[in-house]
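See below for the structure under consideration.
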Amino acid sequence: MPIPYAQIAQQNRAKVVQNMHQAGVTSGFAYLKGGSTEVRKWTDTDAAFRQESNFFYLTGARVPDLHLLLDLSNSTSHLFLPNYDPDHVLWCGPSPSPKDAVEMYGVDRASYIADLAGELKKNENGQIHVLSGTDVAVLGEGKIVEDGVFKQAITEARVVKSEGELEIMRKAAKISGEAHVALMKAVRPGQGTEQELHALFEYECFRKGGRFQAYTPIVAAGKTGSILHYVRNADAVPADPSQLLLVDAACEVDCYAADITRTYPVGGRFEGDWKTTYEIVLAMQKAVLGAIKAGVEWEDMHRLANNVMLDGLLKAGLVKGSIPDLHAHHIPALFFPHGLGHSIGIDVHDVGGYPPGTERINEPGIKYLRMRRKLKEGMVVTVEPGCYFVDPILDKAVADPTISAFLNLDVLARFRRNVGGVRIEDDLVVLKDGIENLTGWVPKEIADIERVMGGK
């Protein structure tokens, strides 16, 4: 049986309060404001409501205009609700009562927002800890504290997932993975558009419970696969069956995200330079998946992927020179210009990537790592190596005599004509001695992709 989110939220609140106590904050309140309904500018049309991530993490509430107060002296929670007028009820329906809210969300107490001022008067030391940028209008004369303690307490709590959270993430991964398979089966050379495939992906997710996408889907055919966050998704599917389709898309379930990328030929069979590029990326990912476990440094995993890429580039004849010289001149970053992956959870690019005091590495490619920390058991991370032929990057490299000396220009020109980019991405739970791959079942081996696309 799935764990009710009210129970998960109770555990989450306990983790956050414990983190604040460990930071020396044992009295006062912590205040968090939930999301509000927004409208398109200059209209009265509501945008789809999705709860603010931290607020959902601590409450599980999916409705807008709520407020949460945590009493740090006794570790209790108090949820404050809007008392809407009859017109609001007419258009939007009734809202939970305080009694309903206690049962639905597992908080200790619930009241209407008018009672907040009276509750704040009980504050022993007058301090109210908030996240930076919080609208504190309802807090009155309390002593507002934005020292980062509350933020760090939530961040570190969110970094390691509970079993209840992992259950939700497994569901998001399953729905998203099945949508990827649906696209593999649907695509045909010269038929339809990226937009139609995008629509099919969202349909497959929505009908199975993934109402919201975790991010805007990337459905990139041919050369557009070299654009890392290509979201226009409007081009025709190429008629050339060798051309690749890169699909980076996933839904969220109960605000928890999946993040999956698969790349495959629109004709269903890998050939030539496209196959060579794909094999390089698959080898990069396999090496990293085999090395991840609790205690490893994330930047070491990125460098491992670089090492495997360099071996593949040399074998493909794209680059030349000694391995130390190629690394010293950051040649892998010409083809792998982004970070290896990131933490994922209640946001697709989840919190906690850079603990306080951690600096970015100022080197090409690796400087874009979204996370630089030692992996902990229970973290969930993505591993998404890629190999791309990005014209602005390669034009600059070819024009630089120092860098172009490491490139086989004729071979590079051929790959640039043929291949846009390849990325392969999975979501992993970090274990003590390895991983649980939440999305590894989604076809990525060449034989498996070809079998699915061939209707077998």
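For n ≥ 4 DSSP H runs only, could you compute -39500 (n - 2.57) per run for the chain, divide by its residues and tell me the 222 nm figure to the nearest 500?
Only helices count here, giving -11500 deg cm²/dmol.
Restricting things to alpha carbons, find the Rg to Rh ratio for region 219-267 using the Kirkwood radius for Rh.
1.05
Mind listing the phi-derived Karplus ³J(HN,Hα) values for region 2-10, rounded to whole Hz, using 6.51, -1.76 and 1.60 with θ = phi - 60°, and x for any glycine or proline?
Listing the rounded values in order: x, 7, x, 5, 4, 6, 4, 4, 4 Hz.
So which lysines pass the test for residue 315, namely a Cα distance under 18 Å, with those fewer than 8 places away in the same chain ruled out?
List returned: 275, 286.
Which of the lysines could be linked to residue 208 by a straight reach, that is with a Cα gap under 17 Å, when you skip same-chain ones fewer than 8 residues away?
171, 174
Could you tell me the extents of region 158-205's C-alpha atoms along the three principal axes, largest first, rounded to whole Å?
45, 17, 15
What span do the alpha-carbon atoms of the chain cover on each of the three principal axes, reported in whole Å from largest to smallest?
75, 47, 45
Could you give the semi-axes, largest first, of the ellipsoid that matches region 330-405, computed as the square roots of 5 times the alpha carbon gyration tensor eigenvalues and rounded to whole Å?
Rounded to whole Å, the semi-axes are 30, 13, 9.
If the convex hull of the alpha-carbon atoms of region 393-456 is projected onto planes in all directions, what is the mean projected area in square nanometres?
Taking the Cα atoms of region 393-456, their convex hull projects to 7.8 nm² on average.
Find the cysteines in the chain that fail to meet the 4.7 Å Cβ criterion with every other cysteine, and list them.
Those would be 92, 255, 387, since no other cysteine Cβ in the chain comes under 4.7 Å of theirs.
For a protection proxy built on the mean count of beta-carbon atoms within 10 angstrom, sort 237-245, 185-193 highest first, please.
Descending packing order for the listed peptides: 237-245, 185-193.
Just to make sure I understand: if all protein chains stay in place, what is the order of 78, 21, 198 by accessible area at 1.4 Å, largest first?
21, 198, 78
Could you look at the chain and say what percent of its accessible area is carbon and sulfur, using a 1.4 Å probe and all protein chains?
Heavy-atom surface of the chain belonging to carbon and sulfur, 1.4 Å probe: 52 percent.
What's the percent breakdown of Cα-Cα distances in region 90-161 across 10 Å bins, shortest bin first?
Reading upward from the zero bin: 15, 32, 40, 13, 0.
So which aspartates and glutamates can residue 223 reach, going by Cα to Cα under 14 Å and dropping same-chain residues fewer than 8 places off?
Cross-link targets: 194, 235, 240, 273, 391.
How would 165, 202 line up by accessible area, probe 1.4 Å, largest first?
From most accessible down to least: 202, 165.
Taking only Cα atoms, what is the 0 to 90° angle, nearest 10, from helix 194-206's long axis to the longest principal axis of the chain?
The helix 194-206 is inclined about 40 degrees to the chain.
In whole angstrom, note down how far apart the Cα centers of region 238-294 and region 52-119 are.
Rounded to whole Å, the Cα centres lie 42 Å apart.
Would you work out the relative contact order for region 120-217, in percent, from Cα pairs under 8 angstrom that are 6 or more residues apart?
20
Which percent, nearest 5, of DSSP beta bridges in the chain are antiparallel?
Antiparallel: roughly 80 percent of the beta bridges in the chain.
Over region 32-142, one equal point on each Cα, no solvent: what is log10 I(q)/I(0) by the Debye formula at q = 0.16 Å⁻¹?
These q points yield log10 I(q)/I(0) values of -0.79.
Counting heavy atoms of the protein chains only and a 1.4 Å probe, report the per residue accessible area for the chain as a whole number of Å².
44
Give me the Debye-computed log₁₀ of I(q)/I(0) at q = 0.11, 0.13, 0.21 Å⁻¹ for region 237-316, equal point scatterers on Cα only, no solvent, two decimals.
For region 237-316, the Cα-only Debye profile gives -0.42, -0.57, -1.03.
Applying a 10 Å radius around every beta-carbon, put 155-163, 354-362 in order of their mean neighbour count, most first.
Sorting 155-163, 354-362 by mean packing, highest first, produces 155-163, 354-362.
What residues have an amide H closer than 5 Å to that of residue 268, excluding those fewer than 5 places away on the same chain, when H is modeled at 1.01 Å from N in the peptide plane?
Close amide H contacts, sequence-distant or interchain: none at all.
Rounded to the nearest 0.05, what FRET efficiency do residue 144 and residue 43 give with R0 = 35 Å and r taken as the Cβ-Cβ distance? Could you check?
Once the sixth-power term is evaluated, E becomes 0.55.
For region 19-76, state which chymotrypsin sites (Phe, Trp or Tyr not before Pro) are in a DSSP loop and have at most 16 other beta carbons lying within 10 Å of their beta carbon.
The qualifying sites are 42, 49.
Between residue 398 and residue 207, what length comes free when the chain is fully extended (0.36 nm per residue of separation minus the Cα-Cα distance, one decimal in nm)?
Result: 64.0 nm gained on full extension.
Debye calculation, C-alpha points only, no solvent: report log10 I(q)/I(0) for region 141-254 at q = 0.12, 0.14, 0.22 Å⁻¹, in the same order as the q values.
-0.55, -0.67, -1.13
The values are calculated or read from the model by the stated rules, or taken from the named source; none is laboratory data. Nothing here was measured: the structure is a model prediction, and the numbers come from that model. FYI the Cβ positions are ideal-geometry reconstructions off the backbone, even for glycines, and counts take in every protein chain you see. These accessible areas exclude ligands, DNA and RNA; they are computed on the full protein's heavy atoms, side chains included. Shrake-Rupley method; radii C 1.70, N 1.55, O 1.52, S 1.80 Å.
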